[in-house]
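Shown next, in structure tokens, is the structure this report addresses.
The values are calculated or read from the model by the stated rules, or taken from the named source; none is laboratory data. Predicted, not measured: the structure shown is a model, and the values here were computed from it. Every residue, glycine among them, receives a Cβ derived from its backbone with ideal geometry; neighbour counts consider all protein chains shown. Side chains included, ligands, DNA and RNA excluded: accessible areas come from the protein's heavy atoms. Shrake-Rupley method; radii C 1.70, N 1.55, O 1.52, S 1.80 Å.
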Amino acid sequence: MGGGRRPVNHSCLAHFVFSYFFLILLSVPFIFSLFGKDVSLHIIRENRNLANVPDFKTTQIMDLPKRWEHYFNDRTPFRQVFMPGYIFIYEKVLKTYVSEYVTGKGNELFRKHAAPVIDAALGIRPYPSRVKENLRLTAAGKYAYFKSKGIPYYLFLVPDKSTIYPEFLPFYAKWIPHHTWYQDQVTTLNKAHVKFYPLKDFLCSLKNKARLYDVIYDNSHWNGNALVYVYDYMAKKLAKDNPIFKPVAADEYYGPELKQVTMSVYGNEYTNFIRLGHTENFSCSILPLQYQSWKYNKICNNKTISKGSLWFFSDSYFGLTHGSNAITPFVHNVHTYIHRHYQMGKKPFTKLADITLQFNRPDAVIDEFVERMGVHPELTHSKFDPLLRILADYWMKTGGIFLEHRTDLSAFSLQNIDHPNPASNELVFKPGSLLSLKVPAVADDLGRVVVMGQLNASANAVVRILYKDSETNPEKYQDLRIRKGPQIFHETIHVNPFSKVSLSLQFQTPGRYSFGKIQEIDDLRERM
């Protein structure tokens, strides 16, 4: 063979150049950070917090790989540059589906990643039964809690863009039989028996008058037109109970303001923001830490008004879009206006409300959430708050066993249980004791019966809940762990909807037990 020059492998050279170029590109943020320079670019907006470095102390070892994957996906250098390019190529050049947004008719954008409205609208993600349960319990529990305090509570449900404008959904929406989460939410919340106002019909009556959602800009939130209309609607509903909430004069105190806005690679459009007038009349600050939920923790005082207070819990529809900034025109209705996000982690809602009531007593409470957030675990506060669940099921008259200081023991059969003082509700449970309802409880439409109440135990104990559905043969059980001393408890039994359920309690730890007082229940009784 000859000893001449070997030919250059251009394929290897290209791979080498590309690999080193990409490595240098990924290293640029780190190199700049060494010199105190920030190269963050915010070309697209995301309605969520990006993942942080996993905490080795609090993260289980099995979850670490997934947490690191989320971190690297969110924190890839120049992600905010690559993402719009990715969207542009797929949506504008290839005219195809992309996970960040879905393009509908007339170039209408629908958010897909942080706001999965398309999956919900097409029924790809059905609305779970357990979510319906927690949503209803949360609404009924809050209504009952505030009613026990003599405070009106109002719940407003906002429809997603896909529910207001189904005609703009992608062409393939016609091929899929579907209904939205909104319908499921309205059905389940109507059975909570609260002051509940779904906004779809109201907004649909206005959509030919003014645009309520942007075409491209902030397409996962309504715009300033909707904010203006819905304030007037809400104020009129509240004013039926209290005239201080009568809508303030439009244009003078609030109104729409037209702005030109840019949405990444998709271009510009004109849309309305909400504008507040007479801002010199009020001042706002951050609520003290003990009264805070997740964010938007604002308190505003209007110096031109001497009385009145409103608590407003919302998502970003009133908190962070189109000029809302967690201040609504209600700031002109009352002296004290408190606006908080409805999310609060695992903090019990009733405890936050109790603490805040010591600081400020509202004339009304507004709760608002948008359709797609009705599946969010932190919206369903009942999951982390047994008192809220007890209040809800008492208010809705859910079937089951309720043990408290007014419990009528004649409704039960007592087996191996002594009742030494008929004037007291203290019972002495012996080995093999059984406390059984004489008449079966009837499950609700979600297949729920409950065992709940206030119990004072002489020792740590296990209470076995025995139940038998009329439509099934075998008897089943759930164990409820009780600690020594007084406590409230709430346990849900899931059976077939509307079935009759035989219920018995087997106190597996013998001893003395008494049923105590739940003040909110007593206060609620007086107002029912």
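Some notes on this structure:
- For residue 160, residues with placed amide H under 5 Å, excluding near neighbours: 371, 372
- For q = 0.12, 0.19, 0.21 Å⁻¹, Debye-computed log10 I/I(0) when each Cα of segment 219-325 counts as one equal scatterer: -0.50, -1.18, -1.36
- Residue by residue, segment 427-432 carries 3J(HN,Hα) couplings of 10, 10, 9, 9, x, x Hz when phi is fed to the Karplus relation 6.51 cos²θ - 1.76 cosθ + 1.60 (θ = phi - 60°); x denotes Gly or Pro.
- Other-chain or far-sequence residues with amide H under 5 Å of residue 518's (modelled H): 405
- Residue 361 - accessible surface, heavy atoms, 1.4 Å probe, Å² rounded to 10: 130
- For the listed peptides 364-371, 147-154, 388-395, 165-172, a ranking on the average number of other beta carbons within 10 Å per residue, highest first, reads 388-395, 364-371, 147-154, 165-172.
- Charge tally for residue 296 (other residues, Cβ to Cβ under 13 Å; Lys, Arg +1; Asp, Glu -1): +1.
- In Hz, Karplus ³J(HN,Hα) per residue of segment 470-482 (6.51, -1.76, 1.60; θ = phi - 60°; x = Gly, Pro): 4, 9, 10, 7, x, 7, 10, 8, 10, 9, 10, 8, 10
- When the pairs 147/517; 147/347; 191/476 are compared against a 23 Å limit on Cα-Cα distance, 191/476 fall above it.
- Amide H contacts for residue 459 (H built 1.01 Å from N in the peptide plane; partners 5 or more residues away or on another chain; cut-off under 5 Å): 485.
- For segment 159-172, backbone phi angles converted through the Karplus equation (6.51, -1.76, 1.60; θ = phi - 60°) give residue-by-residue couplings of x, 5, 4, 5, 7, 7, 10, x, 5, 9, 5, x, 4, 6 Hz, Gly and Pro being listed as x.
- Square roots of five times the Cα gyration tensor eigenvalues for segment 212-271, Å: 31, 12, 5
- Cα-Cα separations in segment 461-524 greater than 21 Å, expressed as whole percent: 39
- Taking other residues whose beta carbon is less than 14 angstrom from the beta carbon of residue 515, and scoring Lys, Arg as +1 and Asp, Glu as -1, yields -1.
- Three-way shape call for segment 238-394 based on the alpha-carbon gyration tensor, with the a/c threshold at 1.5: oblate
- A viscosity of 1.567 mPa s and a temperature of 4 °C, combined with the Kirkwood radius over C-alpha pairs in the Stokes-Einstein formula, give segment 129-261 a diffusion coefficient of 76 µm²/s.
- Per-residue SASA entry for residue 424, accessible area with 1.4 Å probe, Å² rounded to 10: 40
- Extension gain, residue 476 back to residue 405 (0.36 nm per residue minus Cα-Cα distance, nm): 22.8 nm
- All Cα pairs of segment 275-342, percent lying beyond 20 Å: 21
- Structural descriptor for segment 142-252: relative contact order 24 percent, calculated from alpha carbon pairs under 8 angstrom and at least 6 residues apart.
- Taking 16 Å as the straight-line reach from the Cα of residue 149, the aspartates and glutamates in range (excluding those fewer than 8 positions away in the same chain) are 241, 354, 363, 520, 522, 523, 526.
- With each label modelled as a point 7 angstrom along the Cα→C-beta vector, the residue 19-residue 193 pair spans 7.1 nm.
- Each listed q (0.16 Å⁻¹) maps to a log10 I(q)/I(0) for segment 368-468, found by the Debye formula over equal Cα scatterers with no solvent: -0.85.
- Taking a point 7 Å out from the Cα of residue 285 in the direction of its Cβ, the residues of segment 334-358 whose backbone N falls within less than 17 Å of it are 335-339.
- Of the three principal axes defined by the Cα atoms of segment 327-420, the extents in descending order read 62, 31, 21 Å.
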